[in-house]
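A.B. asks: The structure follows.
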Amino acid sequence: MEENENKVTEQVEQPKANAKAEGANVRNAHGNNRRPARAQHRPARSEKVDPFEERTVAVNRVSKTVKGGRNMRFASLVVAGDHKGHVGMGTGKAKEVPDGIKKASERARKNQVVVPMTKNGTIPHTVIGRHGACRVFLRPAPEGTGIVAGGPVRAVLELAGITNIYSKVYGSRTAINMVRATMNAIENLKTVEKVAALRGKTINEIKSMKQ
């Protein structure tokens, strides 16, 4: 009799255990108790692409004599451009070189100038830029010539996006003077549309005069 009673209790307890397991599976399926696992991860955040490329042209150590001695600092010259017709230059001074370069790069990004260019990747006409005792001569070049320039002048022209040009530097060869003279030459460039507006003529008339 006792064995029969034990068998009956075991049979009664098994359905209860099965019912609990089924209930747990149902709850997990509906997500009441546990949070379902994510099928996909979050998409990675798209990083901002910096359109400007920077180039450090020169870093000089400068000093200022004061009553207590000399204050030593570093002066940095940076050129920034997007290779699509925009270029700028900036200078910065600081006690450490990285801080000076950071200041100069921020100013170069703010002082952007639009560079007029033709389809061949050159400038529309011959121009001379001046700054102090430095003169920079720029002349258009046919396609395939490349950038005939050196040092600071090449840095400005490359970052501006010019691919074919002749150049010559006269006078002072200081880096900052050459960069400022090159920027002055770029600012003095004029397009056909601008010349036509200044003279009160049409674009075709200006082009016929060139021929």
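The values are calculated or read from the model by the stated rules, or taken from the named source; none is laboratory data. Small disclaimer: the values here were computed from a predicted structure and weren't measured. Note: ideal-geometry Cβ built from the backbone for every residue, glycine included; neighbour counts use all protein chains shown. For the accessible areas, the whole protein counts, side chains as well, though only heavy atoms, and no ligand, DNA or RNA atoms are used. Shrake-Rupley method; radii C 1.70, N 1.55, O 1.52, S 1.80 Å.
A.B. asks: Can you name every residue in the stretch 131-143 that is surrounded by 14 or more Cβ atoms within 10 Å (Cβ to Cβ) and either more than 19 Å from Arg173 (Cα to Cα) or touching a strand residue (DSSP E or B) at 6+ places or on another chain (Cβ under 8 Å) (or both)? I'd like the intermediate steps shown before the answer.
C.D. replies: So in the stretch 131-143, the residues surrounded by 14 or more Cβ atoms within 10 Å (Cβ to Cβ) come out as 131, 134-141.
Scanning the stretch 131-143 gives Cys134, Arg135, Val136, Phe137, Leu138, Arg139, Pro140, Ala141.
A.B. asks: Here is a follow-up. Hey, any hits in the stretch 154-168 for a residue that's without any contact (Cβ under 8 Å) to a residue 24 or more places away in the chain, of a type outside the set (Asp, Glu), open to solvent by less than 50 Å² (accessible area, probe 1.4 Å) and outside any helix (DSSP H, G or I)? Can you show your working first?
C.D. replies: Within the stretch 154-168, the first condition is being without any contact (Cβ under 8 Å) to a residue 24 or more places away in the chain, and the residues that meet it are 154.
Checking the rest, the ones that are also of a type outside the set (Asp, Glu) come to 154.
From the residues that got through so far, the ones that are open to solvent by less than 50 Å² (accessible area, probe 1.4 Å) too are none.
No: zero hits.
A.B. asks: Name the pairs whose Cβ atoms lie under 8 Å apart, with the first residue in the stretch 87-102 and closer than 22 Å to Val113 by Cα, the second part of a helix (DSSP H, G or I) and among the hydroxyl-bearing types (Ser, Thr, Tyr), and 6 or more positions between them or separate chains?
C.D. replies: If the second residue must be part of a helix (DSSP H, G or I) and among the hydroxyl-bearing types (Ser, Thr, Tyr), the pairs left are Gly90/Ser105; Gly92/Ser105.
A.B. asks: So, one more: Could you give me the residue pairs with C-beta distances under 9 Å whose first residue belongs to the stretch 107-136 and is on the phi > 0 side of the Ramachandran plot and touching a residue at least 24 places away in the same chain (Cβ under 8 Å), whose second residue is charged (D, E, K, R) and open to solvent by 60 Å² or more (accessible area, probe 1.4 Å) wherever it lies, and which are 6+ apart or on separate chains?
C.D. replies: Partner pairs satisfying both residue conditions: Gly121/Glu143; Gly132/Arg180.
A.B. asks: Kindly indicate whether any position in the stretch 181-197 is outside any loop (DSSP other than H, G, I, E, B), surrounded by fewer than 19 Cβ atoms within 10 Å (Cβ to Cβ) and of a type in the set (S, T, N, Q). Don't jump to the end; show me each part of the working.
C.D. replies: So in the stretch 181-197, the residues outside any loop (DSSP other than H, G, I, E, B) come out as 181-187, 192-197.
Pick out the ones that are also surrounded by fewer than 19 Cβ atoms within 10 Å (Cβ to Cβ) and you get 184, 187, 192-197.
So of that shortlist, the ones also of a type in the set (S, T, N, Q) come out as 184.
Yes - at least one qualifying residue is present in the stretch 181-197.
Results for (1) open to solvent by 60 Å² or more (accessible area, probe 1.4 Å); (2) modelled with pLDDT of 95 or more; (3) in contact with a strand residue (DSSP E or B) (Cβ under 7 Å, 6 or more places away or on another chain); (4) over 30 Å from Ile176 (Cα atoms), shown as yes or no for each residue.
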{"site": "Gly31", "(1), (2), (3), (4)": "no, no, no, yes"}
{"site": "Ala39", "(1), (2), (3), (4)": "yes, no, no, yes"}
{"site": "Glu54", "(1), (2), (3), (4)": "yes, no, yes, no"}
{"site": "Ala75", "(1), (2), (3), (4)": "no, yes, yes, no"}
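A.B. asks: Right, another one. Working carefully through the options Asp99, Asp82, find the one that is in contact with a helix residue (DSSP H, G or I) (Cβ under 9 Å, 6 or more places away or on another chain), open to solvent by 20 Å² or more (accessible area, probe 1.4 Å) and among the acidic types (Asp, Glu). Quick ask: steps written out before the conclusion?
C.D. replies: Working: Asp99 fails: in contact with a helix residue (DSSP H, G or I) (Cβ under 9 Å, 6 or more places away or on another chain).
On inspection, the qualifying residue turns out to be Asp82.
A.B. asks: If you don't mind, another one. Tell me, yes or no, whether the stretch 103-116 has at least one residue that is of a type in the set (S, T, N, Q), in a loop (DSSP other than H, G, I, E, B), open to solvent by less than 30 Å² (accessible area, probe 1.4 Å) and modelled with pLDDT under 95.
C.D. replies: no
A.B. asks: Just to be sure before I move on: is Gly146 of a type outside the set (Ser, Thr, Tyr) and open to solvent by less than 40 Å² (accessible area, probe 1.4 Å) in the structure I sent? So that I can check it myself, show each step before the final result.
C.D. replies: On the way: of a type outside the set (Ser, Thr, Tyr): yes; open to solvent by less than 40 Å² (accessible area, probe 1.4 Å): yes.
Against the criterion (of a type outside the set (Ser, Thr, Tyr) and open to solvent by less than 40 Å² (accessible area, probe 1.4 Å)), Gly146 qualifies.
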